[in-house]
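K.L.:
The structure that follows is given in the form of structure tokens.
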Amino acid sequence: MNASLGSGPDPTPPTARADAGVPVRQRLAELRGPTRPPHPLDARALAALAANPGCERRTLLDGAGVDKAALAAALGSPAPYGQSQFAFMRGNAFEARVKSDGGTELLRLLGVADPEAALTPDVSAAGPEGRTARTALALREATTAKAWTLLDHPMLALEVAGTPAYLEPDAVVVHPDGHWTVVEIKSFPMLDGSADPAKVGAAARQAAVYVLALERVAARVPGAEVGHHVLLVCPKDFSNLPTGSVVDVRKQLSVTRRQLARMRRVEELAAALPGGTSFDPSGSTEELLASVEAVGAAYAPECLAACELAFHCRGRAREAGAVEALGRSVRGELGGLSTVAEVLDAAHGRAGDPADPAVAALRRAAALRAEALAARGGG
Amino acid sequence: MSLINTLARLEATRSGHAQPLATTRHRHLSDRPLVLVPLTTAGEAGAPLGALVGTDREAPRLLVVPQPRDRDLRFAFLADLAETVLPHLDSYADDTEPAERNETDPETGKRVKVEVELCRDAPQLIVPSRSGIDYVRLLGRSMRFRRTAEQDPDAPYPAPPHIPLLGRWLTHYGERVRTPGAALLLCATDLLSRHWATGQSSLEDLHLGALLAWIDPPEGESGAEAARRAETGRDARGQLLCPPAGPATDPAFDNALLAPAIDAYDLARKNFAGAEDGGSADARLGELAAAERHVRDLLSAQLLPAWHATWRALDLVRALPEGPRAAERWTRDRWSYTGHRDRVRAGEPPQPRRDSAVGAAQKLASRETEQARLEAQEALDDPLVMAARRLTGEAFTSEVTGVEPAWTETKRPTPRPLVTVRTADLPQLGGGDEQVKVYRSLDGGSQSAEFVRWEAAGVLTLRLLNAMGRAKDPAPGTVPEVGDRICWTLFPHEQRGGAKLPDPEDTPWTHGGPPAVDGDDAHERPDPITPDDLL
Ligand code: SF4
């Protein structure tokens, strides 16, 4: 596990490191299934981690590079996601349009007076390591050149629990003053100057991951500084004309930073697992069930939109009668009571200490509800 | 969520069936609602794909865009939609009753009463889900600035007639939703979840099929099981058994069924365009028709479950007796409809893209008032809602144990009788030095009293303050008697601020409403149009 995350620069591709990380990596490979390559973590997945920070199960599975979608299917509760090819095509078409003509339109959105003069170095190379190295070089050169530079699909690396995550922002722009700006291109519309806040939020979380990865490169380039405001480019109203808006991602940045730091626990989590634990989706369903159950989860309905394992975890939470299955806030209302049976027993006077304020409130609630319903029954 | 509602959810979880959250219906339902189930194309800013629409549940009208990227086909869809929806909206416009409204005379600045028309009823629009409501708003926004050839002969891509008008109406309906308690445009999921608690989270309740399954499961199945099937069940081809209630389609449907069907349609269209002689053109036309029919059939199969579910939801909610105050709120909806009718008739421009600062502040303030009104009215209409207010100490039921006449010590003494009551509830009345006011229903209005002191645990004294007539002695029936059971609330029953007046936004300019446009006229210009525009 890379303990230097966020604390020190390391633009070297993580796979090139061969020191203390190895044993953990081996252990994680065993968990994932020895023949399986680690499931690549992209920025979207990393950003989604922030959706359920308390979940050890997700931390471990992501840290070990387990393909959660395949695992969910093997558990008999496949993930509900998928992307429509219409949405995919639209996204690609819009991005191509934004970047056409060497990105002049995009640069104009950033206020560049003479976008034709901007540099557009080629950052393509063989393999993700090569591209990462190429990107780091291009960033350094652009910063030294003190000229507007557009990097189209650069590649950045971030080491997460010993697994390299290769991240591909839509674009990064280097300003003549050494500022680097992350550009996110999304195909949801900016309608009358504002876009769907939920979608903007997701884009901001994703951009924050890129900023984080860029900062590690920038730390080694004199005069470079990564902007904490990113440029979000969307279609304007109902047209295909791009329009930009500057999004402050400082908050998302600190959440993601904290989140990634937590991934260090992967080592401990892996060590605590009983022998024979495996998340290899080719294993038997019973074995997989037991393995997954060996790591604690923190299911909440928000998981449904953020984690491939949601249907599985929801089923488990419901079986256990966990009140969180009804919503995270529910737990807070119920004091120390955590299962449906406990709460209902307390509410109906079958259990619980009446001196406990939570129990007393429940009993009053149950009595008032019963009274109102009886009044209806009696007309 | 109040603790009482949480408890209802837990009971639903345990029993496997939804539990009541209301004993009366808190939203007015029209006898003749217009139901609209729209579908949109994934990834496009509201490019319509298809819809079922109509007032007859047995005979919906199916509208389809066989190639959503084709502007002409989208316009044809919207024109058909206008042709179905506008006559319905219009059919309520001329059945009016005389009404009075307070207005500010523009010359004198004085408040005067004006005779106006109020439509006796208003058209109601129902969509399946909250995202359907957003979509109505989006459609409205996309259409109202379009220009028809008649409005602007030079418009590069003129819209068919009526499209801008439909856009204005959908915008009005979409905006009206933001007023708490309004019922011009409702969605089935909100209607159901207002009246029932399921054993799942409110996030999961957004799925109409699952929500309905909890409330009305098929014979012999628990709500929980039926909901799970509605949510995740797929057939052998991987298609959802219960397709989403729109406007988004399931990606598996898009990729496996819809995309090939649209490709086939494109090909058939190309072949038809390239047909060389009459005979082959006939054959090609047949193929084109078949290809289009295939897209229609696919979309129809996606839409029908949501169509039926929406009507089923209406049945279920309609079975509850309407709360008396829901009818009062519907009158406000009638004002809102009438106001927009007047604006359209007065030839006013479409609603601006953005509210002026003043307009936005007014809307916000009026929505806060409406929220308070809604909460008070629902509690007064429904003992189950009142129970939640009693639990939080905002209301209490009581039995009168003593009444003592008393008067003000003024030149003309007016009655201020002291009423002692016993309650088992725990109202938040403070120590008696804060002059907490309480209210009870009386003769279709309310009477207020102030808290005087606690006499003993569960026994308190109140001083009645009003609604006892003008004489020295209270009018008969205005003072409670020993033994009366009374529910007092700590919140007022009526909200100040134009008890029966329409919102400022619904007041047409011709009647002193706010000017909708501030400064420059950029708001009114149509959207710039490029060849690959959507909608
Ligand atoms: S679905 Fe399960 S594994 Fe995923 S975040 Fe939620 S609780 Fe954790």
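The values are calculated or read from the model by the stated rules, or taken from the named source; none is laboratory data. All figures in this text were calculated on a predicted structure; none of them were measured in a lab. Every residue, glycine among them, receives a Cβ derived from its backbone with ideal geometry; neighbour counts consider all protein chains shown.
K.L.:
Against the definition (surrounded by 23 or more Cβ atoms within 10 Å (Cβ to Cβ), away from chain A (no Cβ under 13 Å) and at positive phi), how does B:GLY220 come out, yes or no?
P.N.:
Numbers: surrounded by 23 or more Cβ atoms within 10 Å (Cβ to Cβ): no; away from chain A (no Cβ under 13 Å): yes; at positive phi: yes.
In short, no.
K.L.:
Taking the stated definitions as given, is B:VAL385 of a type in the set (A, V, I, L, M), crowded, with 17+ Cβ neighbours inside 10 Å and under 20 Å from the mean Cα position of the chain (by Cα)? Working first, answer last.
P.N.:
On the way: of a type in the set (A, V, I, L, M): yes; crowded, with 17+ Cβ neighbours inside 10 Å: yes; under 20 Å from the mean Cα position of the chain (by Cα): yes.
Against the criterion (of a type in the set (A, V, I, L, M), crowded, with 17+ Cβ neighbours inside 10 Å and under 20 Å from the mean Cα position of the chain (by Cα)), B:VAL385 qualifies.
K.L.:
Need pairs with beta-carbon distance below 6 Å; first residue within 14 Å of another protein chain (Cβ to nearest Cβ) and within region B:142-166, second in a strand (DSSP E or B) and of a type in the set (Gly, Ala, Ser); sequence gap 6+ or separate chains.
P.N.:
Short answer, once both residue conditions are applied: B:ARG146/B:ALA159.
K.L.:
Those residues that are within 8 Å of the ligand (Cβ to nearest atom) and within 17 Å of the chain's Cα centre (by Cα), I need them from region A:305-315; list them, please.
P.N.:
A:ALA306, A:CYS307, A:GLU308, A:LEU309, A:ALA310, listed by residue number.
K.L.:
What are the pairs with Cβ atoms under 8 angstrom where one residue, in region B:83-95, is touching a residue at least 40 places away in the same chain (Cβ under 8 Å) and the other, located anywhere, is assigned to a loop (DSSP other than H, G, I, E, B) and exposed (fewer than 13 other Cβ atoms within 10 Å of the Cβ)? Sequence gap at least six, or different chains.
P.N.:
Within 8 Å, the pairs are B:TYR92/B:ARG120.
K.L.:
Return yes or no: is A:ALA325 in contact with a Phe, Trp or Tyr (Cβ under 9 Å, 6 or more places away or on another chain) and more than 10 Å from chain B (Cβ to nearest Cβ)? It would help to see each step written out before you state the result.
P.N.:
Working: in contact with a Phe, Trp or Tyr (Cβ under 9 Å, 6 or more places away or on another chain): yes; more than 10 Å from chain B (Cβ to nearest Cβ): no.
Answer is no for this residue.
K.L.:
For region A:94-108, which residues satisfy the criterion of being in contact with a Leu (Cβ under 9 Å, 6 or more places away or on another chain) and crowded, with 19+ Cβ neighbours inside 10 Å?
P.N.:
Matches in region A:94-108: A:VAL98, A:LYS99, A:GLY103, A:LEU106, A:LEU107.
K.L.:
Just checking, does region A:53-62 include any residue being within 12 Å of the ligand (Cβ to nearest atom), within 14 Å of another protein chain (Cβ to nearest Cβ) and surrounded by fewer than 18 Cβ atoms within 10 Å (Cβ to Cβ)?
P.N.:
In the first step, residues of region A:53-62 are kept if they are within 12 Å of the ligand (Cβ to nearest atom); the result is A:53-62.
If we keep only those that are within 14 Å of another protein chain (Cβ to nearest Cβ) too, we end up with none.
No, the conditions are met nowhere in region A:53-62.
K.L.:
Looking at region B:96-126 only, could you name the residues that are touching a residue at least 60 places away in the same chain (Cβ under 8 Å) and part of a strand (DSSP E or B)? Can you show your working first?
P.N.:
Taking region B:96-126 first, the residues touching a residue at least 60 places away in the same chain (Cβ under 8 Å) are B:96, B:101-104, B:106, B:114, B:116-126.
Of everything in region B:96-126, those that are touching a residue at least 60 places away in the same chain (Cβ under 8 Å) and part of a strand (DSSP E or B) turn out to be B:THR96, B:ARG101, B:ASN102, B:GLU103, B:THR104, B:VAL114, B:VAL116, B:GLU117, B:LEU118, B:CYS119, B:LEU125, B:ILE126.
K.L.:
So, in region B:146-160, how many residues would count as being surrounded by fewer than 23 Cβ atoms within 10 Å (Cβ to Cβ) and either closer than 19 Å to B:HIS340 by Cβ or among the charged types (D, E, K, R) (or both)?
P.N.:
Initial filter on region B:146-160 (surrounded by fewer than 23 Cβ atoms within 10 Å (Cβ to Cβ)): B:147-158, B:160.
Restricting the remaining residues to those that are either closer than 19 Å to B:HIS340 by Cβ or among the charged types (D, E, K, R) (or both) gives B:147, B:150, B:152, B:154.
Final tally of qualifying residues: 4.
Results for (1) modelled with pLDDT of 85 or more; (2) within 16 Å of the ligand (Cβ to nearest atom); (3) within 14 Å of chain B (Cβ to nearest Cβ), shown as yes or no for each residue.
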position	(1), (2), (3)
A:ARG265	no, yes, no
A:SER282	yes, no, no
A:THR285	yes, no, no
A:VAL292	yes, yes, no
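K.L.:
Identify, from the list B:ALA197, B:ALA261, the residue that is out of contact with any Gly (no Cβ under 9 Å at 6 or more places or on another chain), farther than 23 Å from A:GLY76 by Cβ and surrounded by fewer than 22 Cβ atoms within 10 Å (Cβ to Cβ).
P.N.:
Numbers: B:ALA197 fails: surrounded by fewer than 22 Cβ atoms within 10 Å (Cβ to Cβ).
Criteria check complete, one pass: B:ALA261.
K.L.:
Take the conditions of a type in the set (Val, Ile, Thr), more than 14 Å from every other protein chain (Cβ to nearest Cβ) and farther than 30 Å from B:ASP121 by Cβ and apply them to B:VAL64. Does it pass? Spell out how you get there, then give the answer.
P.N.:
Working: of a type in the set (Val, Ile, Thr): yes; more than 14 Å from every other protein chain (Cβ to nearest Cβ): yes; farther than 30 Å from B:ASP121 by Cβ: yes.
Yes: the conditions hold for B:VAL64.
K.L.:
Just the residues that are acidic (Asp, Glu) and within 14 Å of chain B (Cβ to nearest Cβ), please, taken from region A:79-138. Break it down into steps so the answer makes sense when it comes.
P.N.:
Our first condition is that a residue be acidic (Asp, Glu); within region A:79-138, this holds for A:95, A:101, A:105, A:114, A:116, A:122, A:129.
If the condition is that a residue be acidic (Asp, Glu) and within 14 Å of chain B (Cβ to nearest Cβ), then A:GLU95, A:GLU105 are the ones that fit.
K.L.:
Just to verify a result, which residue in region B:200-217, among those that are aliphatic (A, V, I, L, M) and more than 13 Å from chain A (Cβ to nearest Cβ), is surrounded by the fewest Cβ atoms within 10 Å (Cβ to Cβ)?
P.N.:
B:ILE215
K.L.:
Restricting to strands (runs of 3 or more DSSP E) lying wholly in region B:30-86: which have 3 or more residues that are touching a Lys or Arg at 6+ places or on another chain (Cβ under 7 Å)? If you could, list the steps in order and put the result at the bottom.
P.N.:
On the way: elements: B:34-40, B:48-54, B:61-64.
Of the strands (runs of 3 or more DSSP E) lying wholly inside region B:30-86, those with at least 3 residues that are touching a Lys or Arg at 6+ places or on another chain (Cβ under 7 Å) span B:48-54.
K.L.:
Could I ask something else about it? Counting only residues that are more than 38 Å from the chain's Cα centre (by Cα) and assigned to a loop (DSSP other than H, G, I, E, B), which one in region B:437-467 is nearest to B:ALA379 (Cα to Cα)?
P.N.:
Going residue by residue through region B:437-467, those that are more than 38 Å from the chain's Cα centre (by Cα) are B:452-463.
Those still in the list that are assigned to a loop (DSSP other than H, G, I, E, B) too: B:457-458.
On the way: B:ALA457: 26, B:GLY458: 22 Å.
Going through the qualifying residues, I end up with B:GLY458.
K.L.:
In addition: Based on this model, can you work out whether A:LEU269 counts as closer than 30 Å to A:ALA93 by Cβ, within 16 Å of the ligand (Cβ to nearest atom) and either without any contact (Cβ under 8 Å) to a residue 12 or more places away in the chain or in a helix (DSSP H, G or I) (or both)?
P.N.:
No.
K.L.:
Regarding B:THR6, is this residue closer than 20 Å to B:THR189 by Cα, without any contact (Cβ under 8 Å) to a residue 12 or more places away in the chain and within 14 Å of chain A (Cβ to nearest Cβ)?
P.N.:
Working: closer than 20 Å to B:THR189 by Cα: yes; without any contact (Cβ under 8 Å) to a residue 12 or more places away in the chain: yes; within 14 Å of chain A (Cβ to nearest Cβ): yes.
So B:THR6 fits the description; yes.
K.L.:
From A:ARG258, A:ARG318, grab the single residue that is more than 30 Å from A:SER100 (Cα to Cα), within 15 Å of the ligand (Cβ to nearest atom) and of a type in the set (D, E, K, R).
P.N.:
Details: A:ARG258 fails: within 15 Å of the ligand (Cβ to nearest atom).
Of the residues listed, the single one that is more than 30 Å from A:SER100 (Cα to Cα), within 15 Å of the ligand (Cβ to nearest atom) and of a type in the set (D, E, K, R) is A:ARG318.
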